[in-house]
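Shown next, in structure tokens, is the structure this report addresses.
The values are calculated or read from the model by the stated rules, or taken from the named source; none is laboratory data. Everything quoted here is computed from the prediction, not taken from an experiment. Glycine gets a Cβ as well: all are built from the backbone with ideal geometry, and neighbour counts include every protein chain shown. Only protein heavy atoms, including side chains, enter the accessible area calculation; ligands, DNA and RNA are left aside. Shrake-Rupley method; radii C 1.70, N 1.55, O 1.52, S 1.80 Å.
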Amino acid sequence: MIRCFPLLLLILLFALLCGACASEQAGPSGLLAPALALTPTPASPVSPSAILTRTPRYLDRTIPLTTHRTTTPHAPVPQTRFPEHPERRDEPLNEQFFDSTFHTVRPPFLEVWRHSVESGSGFGFGVPRSAPLWLDGHLVQFFDGVVLEASSPTTRTVTTPVTVTVHAQPPDWPQHVPDLLLSRESSPHRADIEATGVAEAAASPDQTPLVAPLQPVTLTVRIAGYTGPAELRLYDAYLRQTSALTLQVRSGLATPLVPPRGSAGPQWATVLVDGQIAGVQSTLWTLDSTTRIATGQADLDRIYPMVRAFLEQDVVSYELDGHLVRGYRSPDNPLLWLRDHVYQGRGFRYFERDMTSTLDAFRRAQRPDGSFPDVLTYPAWGVTAHRLETESDLEFLFVQGVYDAWQATGDDDWLRDNLDAMQRGLAYLTTDPQRWNAPYGLVHRPYTIDMWDFQYGPTTRSPKGNLSPRHWIDHQTIWGIFHGDNTGLAYALKLMERMEKYLGNPQEADRLHDQRNDLMQRLNSLCWNGPYFTHFILDNGEMPYVPGVDTATQLSLSNAYALNREVLSTEQEQAIVEAYHTRRDFGRAFAEWYSIDPPFPAGASGWPAVKGSSRANMSMGASCR
């Protein structure tokens, strides 16, 4: 089956123009559970429901693995009222210091903490893990097992009755707040932080400001009654610090201009005065990495929306072996082919949120020898996973797909889950005699037209007895070196080197580096003809005669792919671009990205006469995958 993908030119141009976008990433489960209101003294308290509607930004959200937010539920704590202790109300301000954490508990939290200990209520408060902090406009203090929140004090020194709310926490809650909150003392000053330079219409579902990467936003920092220096620190959805700015606060106000950075999702902000925490905002804004191209040239600016609209029509989603699979098919075929999915990923990675399910399905379908199928099982169509044996590119394409998905999600654990599959795939590609020419030290394949899955030669019959192009290897198969398989392998080795180094395997990274360099030296010696790579070099003997075509002059599509594979010298890149430019002929095509030029003659592909030979002689590189 041939997949003719008419979007390739658009995707190549789009990928070159877009560059890297802020990734949409992921993380663990929700931070805190539903709350319990505890009132140590009578007051006009804020009800628990009111507190929960104002406060849950930092309580209910997850650190996003994808842009979908979920909340891990926790069993609610039964509601209980503490009795009053009026005799303590007239005592001097008291406190309880903890040597183990170097933090102090003070009113209004001290009363609640003491009573939980004295009454043996078993709420599991534990010791304080932070100082009392102004978080999202509320006074809170973190303990081992809970967060205590005061309803409406205006200062940390509380003399009026307040309601204290207890929020139960999962065991891993410290992973969901910046480390700074658990290590610094609180400032006597209170800082409030707000993103004010954002259009009102730009709001995320929880009504926090929605901002774009690197587009400066004005913040308003208020510290009542204070004039002097302060420090603003910003953290992304992975709690990595993205900015540290020194502010000059005058008459209680500073308005810095800040470019949002880091991972997409809700982002934190803290203000320090004299190194102490004056205020924290758990969701200063939500960073949204919506992609767009803005050049002022209409023909370039419309590439992205046009490519996206086309690709969105190629989505296939179904359940396979208990897993939901969502991937991208070729427009002329309903199945999920690894090749089509990965190459289209160069476009959909800028907007697709499910970057992993199709690759996971291919990993589960990997064969014991390390090879991959071409296509996934699709029960509704009666198709089982299989491989067209003429292809020698699937293993390096899997590496490329995993790398692109990892870059888009930032999910290191998922990357580790795929490391063994990538290693086994490349081992198969570089050792199996059907894929690897040991004397040349290069990948080989049957004589196909560039990366297509049918061979040059006469029509044959399929295993079912139907007339067919030459998808199968037989005694008439012509073997040789196709440059695109080898630049693709070299690119995969470079990506593997990058991933191994990131995962802390420097020796393996060095080995992959040397393997890639050696491979490219052998390929350049054999296939580089000066302006571009020769389309095909036979393993043995001379090239077969092709009527009317000088095969030594054929410029094939994978020269263009090589431009984006980071394995060519600058001189090679310039030579390939010039080779295409010199063949520009608007009388033949709207662009010079030919599948192969000059093309093979009619009938050379082995397609049955009833189908003609148009599919074998497509003159546009944009028509292939």
Can we say E571 is open to solvent by 60 Å² or more (accessible area, probe 1.4 Å) and modelled with pLDDT under 95?
no
Which one is least open to solvent (accessible area, probe 1.4 Å), of the residues in region 207-219 that are part of a strand (DSSP E or B) and out of contact with any Pro (no Cβ under 9 Å at 6 or more places or on another chain)?
P209
Report, by residue number, each residue of region 304-332 that is touching a Leu at 6+ places or on another chain (Cβ under 6 Å) and among the β-branched types (V, I, T).
V307, V316
Only one of these is in contact (Cβ under 8 Å) with a residue 24 or more places away in the chain and at negative phi: T477, T431. Name it.
T477
So which residues in region 220-244 are in a strand (DSSP E or B), over 15 Å from V280 (Cα atoms) and open to solvent by 50 Å² or more (accessible area, probe 1.4 Å)?
P229
Given the conditions (1) over 24 Å from Y594 (Cβ atoms); (2) touching a residue at least 40 places away in the same chain (Cβ under 8 Å); (3) crowded, with 18+ Cβ neighbours inside 10 Å; (4) not small (G, A, S), every one holds for L467 apart from (3)
How do the pairs read when you match residues in region 541-553 that are over 15 Å from G480 (Cβ atoms) and of a type in the set (G, A, S) with residues anywhere that are in a loop (DSSP other than H, G, I, E, B) and open to solvent by less than 60 Å² (accessible area, probe 1.4 Å), using Cβ under 8 Å and keeping only pairs 6 or more apart or on different chains?
G548/P601
Keeping to region 277-304, report how many residues are within 29 Å of L219 (Cα to Cα), in contact with a helix residue (DSSP H, G or I) (Cβ under 8 Å, 6 or more places away or on another chain) and open to solvent by less than 30 Å² (accessible area, probe 1.4 Å).
6
Does G197 meet the test of being more than 28 Å from W173 (Cβ to Cβ) and open to solvent by 10 Å² or more (accessible area, probe 1.4 Å)?
yes
Which of the following residues is surrounded by 14 or more Cβ atoms within 10 Å (Cβ to Cβ), within 32 Å of the chain's Cα centre (by Cα) and not in a helix (DSSP H, G or I): D453, D485?
D453
The listed residue being open to solvent by 10 Å² or more (accessible area, probe 1.4 Å) and either under 23 Å from R364 (Cα atoms) or touching a strand residue (DSSP E or B) at 6+ places or on another chain (Cβ under 7 Å) (or both), out of T460, T448:
T460
Being assigned to a helix (DSSP H, G or I), under 20 Å from the mean Cα position of the chain (by Cα) and surrounded by fewer than 17 Cβ atoms within 10 Å (Cβ to Cβ) is the filter here; which residues of region 309-343 pass it?
E312
Where a residue in region 437-449 is under 11 Å from W479 (Cβ atoms) and its partner, wherever it lies, is hydroxyl-bearing (S, T, Y) and open to solvent by 10 Å² or more (accessible area, probe 1.4 Å), with Cβ under 6 Å and at least six apart
P446/T477; Y447/Y456
